[in-house]
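Chemist: Have a look at this one.
What follows draws every value from the coordinates through simple rules; no lab data is involved. Just so it is clear, the model here is predicted, and its values are computed rather than measured. No Cβ is skipped: glycine too gets one built from the backbone with ideal geometry, and neighbour counts run over all protein chains shown.
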Amino acid sequence: MDMLTVDNINVYYGAIHAIKGISLSVEKGGITTLIGSNGAGKSTTLHTISGLLKPKTGTITFEGQDITGKPAHRIVGMGLSQVPEGRHVFANMTVMENLELGAYLRTDKEEINKDLTDVFTKFPRLLERKDQIAGTLSGGEQQMLAMGRALMSRPKLILLDEPSMGLAPLLVQEIFNIIKEINDSGTTVLLVEQNARMALSIADKAYVGNREHHPRRDRQGTADKRSRAESVFGRLIRKRPENN
Ligand SMILES: Nc1ncnc2c1ncn2[C@@H]1O[C@H](COP(=O)(O)OP(=O)(O)OP(=O)(O)O)[C@@H](O)[C@H]1O
Ligand SMILES: [Mg+2]
């Protein structure tokens, strides 16, 4: 069953048409990955799903409900949480405060504590550093914190934007193992990656995105700097057989 469906969305940054008619679907319980080159529109797609950007046209459906254009906090409240590219932790707050903020929409104290224990089990390094200021964590630790914070909202679907970026190979392996664990414990995953090999090794389904240049020219014939990216995430490149 599809948990998330993105149907033919078009997204603009001002005059720049960043996403041209992307469609994709994410099956409940699985790991779906979007692989694409720089500027293909992967982050824009995730921001649009999580409500940070509004598509001009097209629809996004999550668990049977139309969430197109809904505010981001409502989408988080429905169980869809994004780990943005480049970690984005609250640098001046402690590890613990960052994690608590992840649960800000929740009131179920006991369950929050359970999830906190769970995050610390997945990421023992965060427990060791719970009182450390997040901005002083290493890049890999900040990635763990960003993932931990998203998990604190107890998402049904987690969107991960290039979690392996800039990490040493051993840590990349560790992060991918944790993504699998998160999925095994019941959270559906939509993973954006440039590390195609790693992403395909854990994904049930993958979309590939290409970038095409369409430099617009002014009357003098000079190329417009704001070249437009065109995305074709629509091509399914790999799918595991069912019941595997
Ligand atoms: N805030 C913005 N204003 C204008 N254009 C933007 C903005 N953000 C992204 N773009 C443009 O939209 C296109 C898609 O960008 P996006 O960040 O979604 O790509 P990406 O696939 O995530 O790339 P990367 O792999 O480098 O992270 C690019 O051409 C980019 O320059
Ligand atoms: Mg990106």
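Chemist: 5 Å is the cut-off here: which amide hydrogens, built 1.01 Å from N in the peptide plane, fall below it relative to T94, excluding neighbours closer than 5 in sequence?
Modeler: When sequence neighbours closer than 5 places are left aside, the close amide H contacts are A134.
Chemist: How far is helix 169-184 tilted, in degrees, relative to the longest principal axis of the Cα atoms in the chain, given as a value from 0 to 90 rounded to the nearest 10?
Modeler: Helix 169-184 sits at roughly 80 degrees to that axis.
Chemist: Which of the chymotrypsin sites (Phe, Trp or Tyr not before Pro) found in the range 61-169 are loop residues per DSSP with 16 or fewer other Cβ atoms within 10 Å of their Cβ?
Modeler: Filter output for the range 61-169: F90, Y104.
Chemist: Continuing with this model, one more query. From the phi angles alone, apply the Karplus equation (6.51, -1.76, 1.60; θ = phi - 60°) to the range 118-124 and give each ³J(HN,Hα) in whole Hz, x where the residue is Gly or Pro.
Modeler: 4, 4, 5, 6, 5, 10, x
Chemist: Which three lengths, in whole Å and largest first, does the range 1-63 cover when its Cα atoms are put on their principal axes?
Modeler: Ordered largest first, the range 1-63 gives principal extents of 37, 24, 18 Å.
Chemist: Now a separate question. Neighbouring Cβ atoms within 10 Å as the yardstick, rank I112, I16, I75 fewest first.
Modeler: Taking fewest neighbouring Cβ atoms as first place, the list is I16, I112, I75.
Chemist: Shape verdict for the range 38-158, please, from the Cα gyration tensor: rounded (a/c under 1.5), prolate (a/b greater than b/c) or oblate.
Modeler: Oblate.
Chemist: Contact order normalised by length for the chain, with contacts defined as Cα pairs under 8 Å and 6 or more residues apart; what percent is it?
Modeler: It rounds to 27 percent for the chain.
Chemist: Going from the alpha-carbon gyration tensor of the chain, what semi-axes, largest first and in whole Å, does one get by taking the root of 5 times each eigenvalue?
Modeler: The three semi-axes for the chain are 31, 20, 19 Å.
Chemist: Could you pull out every one of the lysines with an alpha carbon less than 20 Å from that of K205, ignoring same-chain neighbours closer than 8 positions?
Modeler: K28, K42, K156, K180, K239
Chemist: Okay, moving on. Please give the helix 139-151 orientation as an angle from the longest Cα principal axis of the chain, in degrees from 0 to 90, rounded to the nearest 10.
Modeler: Once rounded, the angle reads 80 degrees.
Chemist: Provide the percentage of antiparallel DSSP beta bridges, counting only those with both residues in the chain; round to the nearest 5.
Modeler: Of those bridges, close to 55 percent are antiparallel.
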